[in-house]
Structures are given as C-alpha cells and as structure tokens.
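First the structure, in the form of structure tokens, and then the observations on it.
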Amino acid sequence: MKGLLFTYLGTAGGAAVGLFNPWYALLVYISFALIKPEAMWPWAVQPGRYSLMIAASMLVGWCFTRKADFQFGKSFSVFGLLLAYLGWAAFGAVFPPDQELAWDFVDRLAKIVIPMLIGLTCITSTQRLKELAWTIVGSQGYVAYEMNSYYFGGYNILKEAGIGGVDNNSAAIALVTGLGIAFFLGLSSEKLWQKGLAFLFAALMGHAVLFSFSRGGMLGIIVTGLVTLIIVPKRPKTLALLFAGVIVATALAGEEVRERFSSSFVKKGGEREESAQSRVDLWSHCWDVMRQSPMMGCGPNHWPLVAPRYGWPLGKEAHSLWMQTGAELGFPGLALYLGFYVWCCLRLYLLTWKSSFSADPYAKTVAMMALSGLCGFIVSAQFVSIETLEIPYYTALLGCGALKLATPRREAVSAFDFQEEFTLPISSSRPRGPTPVPL
C-alpha cells in the first residue's frame, strides 16, 4: 500500500508542480530513479511510465517558466565532459550491428543527462543544494532501510536476489556513494533531528554494504573513509565521530565478511579465488577489444555480444564499468566518461581547501559531500558494470551545483542601485550640496 501511495502521489504531484517549478519535479524524478518503485514494490505497483510523465512536465515547465540560469561558472568544464560523452555515445551508436541495443544505451543515458542539465540551470541558491542532498540521502537511505529490514527479518535479500532491480554489487556501489553524502549532511545540519536522521541513514547504508558481501562495495567504504578523513574539518568532535563509525563498522564486519574481502587480494596455492580471477580475465579481454578498436570500440551495449569470442557466455558483463566503457566506446569514450568524474573530484577538492575563495560558504560543505561519495564510487565501479546507475550522476550534479554557486557572479546593476551604493552619506549638520553624480 505504501508503495502504491508513494508512486501515485509522487507522479501526480511531480507532474503538477513541474509545470510551474521544474526544480521540485526534478527532485521527485531523482527520488523515483533511486528508489525504483516498480522494482521495489512489484506486487503493488504496476509497470507504467511514471517517471516519463514527471519528466515531460518538468521539461515543459523548464522551457516556459524561463527561470533557467546558464551561468555554470566553475562547473562548465565538468558538465561539458558529460555532454561530450553523451554526444560520443550517440555517434558510436551509428555503426554497431545491433542498432536497437546501441540506441537503447543512448536513450537511457539521455534520460539522466538531460534532467541533470535542467537541474544545474535551476540551482541558484544554497537551499536548493540542501534539498538535492536530502533527496539523494533520503531516497537511498530508505532503500538501505528496506535492505536492513529483510536482513534482520532473517532473509538477506540483498545478497541472494538483489533489490530494486539491481544485484548486490550494484546496490552496494549505490550505498557507498550515498554514504559520504549522508555523513557530511549530518555534520552540517543545524537541527538535532536532521543530524540524527542523516547519521541513521549513513549507518543503515554502511551496514547494508557489509552484508551485501560485495568486495567492490567494501573497498569503496574504505576509500570513502580515507577521503573523509583527509577533507573533514579536524575538530575533536568530528574526528571522534568518524573514528567511532570506523570502530562500529569493524565490529559489524564478521569473519565471513573479512574473508570475502581478503579473497580479492590473497592467492591460495598461487591462484586467485575463482570469482576474482574471472574478473581479471574479463578485464584483459576488454583491454584486447580496446586495442583492436581504440577509437570506437565494439559499440554501446555490445560487449555482452562480443564476450563469446573470448569463451564467455552470451550476455556476460565485464564486471568493470571502466573496462567495459573502454571496450564499447573506445579510448575517447573512456576518457570523457572517467574524466567527467575525475575532473569533478579535482575541482571539488580544490574547493574544500581553506584558502580557496567561494562566493557561497556552504558550497565547500557540499563539495565535501560530493567528493567523498564520488571517490568511493570511482573505486567501487572497477568491480561492476552498470553504466546507467543513477546515484553517481546525481551526486556529480550536487558537486557541479556547489562549483556553480562558488563562482563569483557578475550581475547587471541598475543606475539606481549604482548611485545608491556609491553616493556618500550627507550629514544633516552641513549645508546640502548638489547631488553627487555616479562615476
């Protein structure tokens, strides 16, 4: 019942408000993308075009309300790489043999990038950054809550069947990305209940990664923790909270979890564990495809069709987002896609420096949120192939919004404002002279 109410009310509300304020329709669209109502509650929510209705309303409202702000500032070069990646994917879809499969990839990617463009033009204040951060954390936190509910109920649905239409590895990567945002959101929130809610979501996400038994997710948590330690303000309370989280996570990681993680690196009898070795073999075969077709690759969504040439079954994924991207879109596609995330992280890291100038002080806090989440994602994504996982894109949107607001803005000043700003005050004790003329 709750799934049905969430889906119908969200669709109706998002479609209605999108005509007048596309920003709030975007937030509903993002929430649907992260929770995936049809996959989360398949017994209650019938398949339908819920997100499409919200997106159509959002696009109409964005075109006709004329409230878009295209002054991207420091985020211009970052978002430009993503647009170039979308263009390269569309160009690469012209040549592969299976056109339907290739254009399906471009279609799914466009459904993420176009809303991101709308969102970036709508980010004009700190308040909207907070709303976006809470939408991401709240949506991903709810998914983590469902995972924990099943786990404590006696069934580890995440490990056995996946949840929300994705397997345990993909879900773990999404949780790792949201974990960094939740932690910094808890630190920066002013109200006590907001701090408690954000830290609760962070704890649920971290615990779900552990019982997912995803080695990529576990490595992502470690990377997120290290990045957080580097960029977090070095205050006693903050460091104590961070180390308390490390201790709790270590305690919750049982012997089975530790053995699963160590099997990624330790060889027994001179050989890797079978699953780990298969990933290495897949990556080497993707590298071979990249060498044979360095510019265009084998085509979007086409690695699963090429895999049988190397002895893998038809439909086999590469278990590495970066290697599969290179195999399907060549070195230029890999450079644009990976460059989008890496360049975003570098710009955000510079913004977190104390000496860096920011037109909006809160933008530095948001930069820390996005940076910790994206670093965990970049590392974790080496172990799973899921090109259109939504949360890293919207985390990058959060980072781009911070870069945009951190840029000093040049706005036109009216003659009246100019005169009011530069006219010297006139003391009442002196004779009034002529009105000063603006320079």
| field | Residues that are part of a loop (DSSP other than H, G, I, E, B), free of Cβ contacts under 8 Å to residues at least 40 places away in the same chain and within 24 Å of the chain's Cα centre (by Cα), drawn from the range 34-65 | value | Trp41, Arg49
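Going through the range 71-107 one residue at a time, which ones are among the charged types (D, E, K, R) and either on the phi > 0 side of the Ramachandran plot or touching a residue at least 12 places away in the same chain (Cβ under 8 Å) (or both)?
Kept after step one, since they are among the charged types (D, E, K, R), are these residues of the range 71-107: 74, 98, 100, 104, 107.
Selection gives Lys74, Asp98, Asp104.
Kindly indicate whether Gly270 is over 26 Å from the mean Cα position of the chain (by Cα), modelled with pLDDT under 95 and more than 20 Å from Gly220 (Cα to Cα).
Values: over 26 Å from the mean Cα position of the chain (by Cα): yes; modelled with pLDDT under 95: yes; more than 20 Å from Gly220 (Cα to Cα): yes.
So Gly270 fits the description; yes.
A quick yes/no check of all residues on (1) modelled with pLDDT of 90 or more; (2) touching a His at 6+ places or on another chain (Cβ under 9 Å); (3) closer than 30 Å to Val45 by Cβ; (4) of a type in the set (Lys, Arg):
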site	(1), (2), (3), (4)
Asp167	no, no, yes, no
Leu175	yes, no, yes, no
Leu192	yes, no, no, no
Met218	no, no, no, no
Thr238	no, no, no, no
Leu241	no, no, no, no
Gly245	no, no, no, no
Glu259	no, no, no, no
Phe265	no, no, no, no
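Okay, residues lined up against (1) over 30 Å from Gly61 (Cα atoms); (2) touching a residue at least 60 places away in the same chain (Cβ under 8 Å):
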site: Gln127; (1), (2): no, no
site: Gly141; (1), (2): no, yes
site: Ala144; (1), (2): yes, yes
site: Ile157; (1), (2): yes, no
site: Asn169; (1), (2): yes, yes
site: Ala172; (1), (2): yes, yes
site: Leu185; (1), (2): no, yes
site: Lys191; (1), (2): yes, no
site: Gly216; (1), (2): yes, yes
| note | The one condition Leu59 fails out of (1) under 29 Å from Tyr341 (Cβ atoms); (2) of a type in the set (A, V, I, L, M, F, W, C); (3) touching a helix residue (DSSP H, G or I) at 6+ places or on another chain (Cβ under 6 Å) is (3)
| note | From the option list Ala144, Ala110, single residue qualifying as assigned to a helix (DSSP H, G or I) and buried (at least 17 other Cβ atoms within 10 Å of the Cβ) is Ala144
| Given the structure, is Ser149 modelled with pLDDT under 90 and assigned to a helix (DSSP H, G or I)? | no
| Which numbered condition Thr121 misses (of (1) part of a helix (DSSP H, G or I); (2) out of contact with any Asp or Glu (no Cβ under 9 Å at 6 or more places or on another chain); (3) not hydrophobic (A, V, I, L, M, F, W, C)) | (2)
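Only one of Leu117, Leu82, Leu129 is closer than 17 Å to Gly339 by Cβ, among the aliphatic types (A, V, I, L, M) and within 19 Å of the chain's Cα centre (by Cα). Can you tell me which?
Values: Leu117 fails: closer than 17 Å to Gly339 by Cβ; Leu129 fails: closer than 17 Å to Gly339 by Cβ.
So the residue among Leu117, Leu82, Leu129 that is closer than 17 Å to Gly339 by Cβ, among the aliphatic types (A, V, I, L, M) and within 19 Å of the chain's Cα centre (by Cα) is Leu82.
Within the range 39-82, which residues are among the hydroxyl-bearing types (Ser, Thr, Tyr) and closer than 26 Å to Thr407 by Cα? Outline the logic, then answer.
Taking the range 39-82 first, the residues among the hydroxyl-bearing types (Ser, Thr, Tyr) are 50-51, 57, 65, 75, 77.
The answer is Thr65, Ser75, Ser77.
The values are calculated or read from the model by the stated rules, or taken from the named source; none is laboratory data. Here the structure is a predicted model, which is why all the values come from computation and not from measurement. Every residue, glycine as well, gets a Cβ built from its backbone with ideal geometry; the counts of neighbours run over all protein chains shown.
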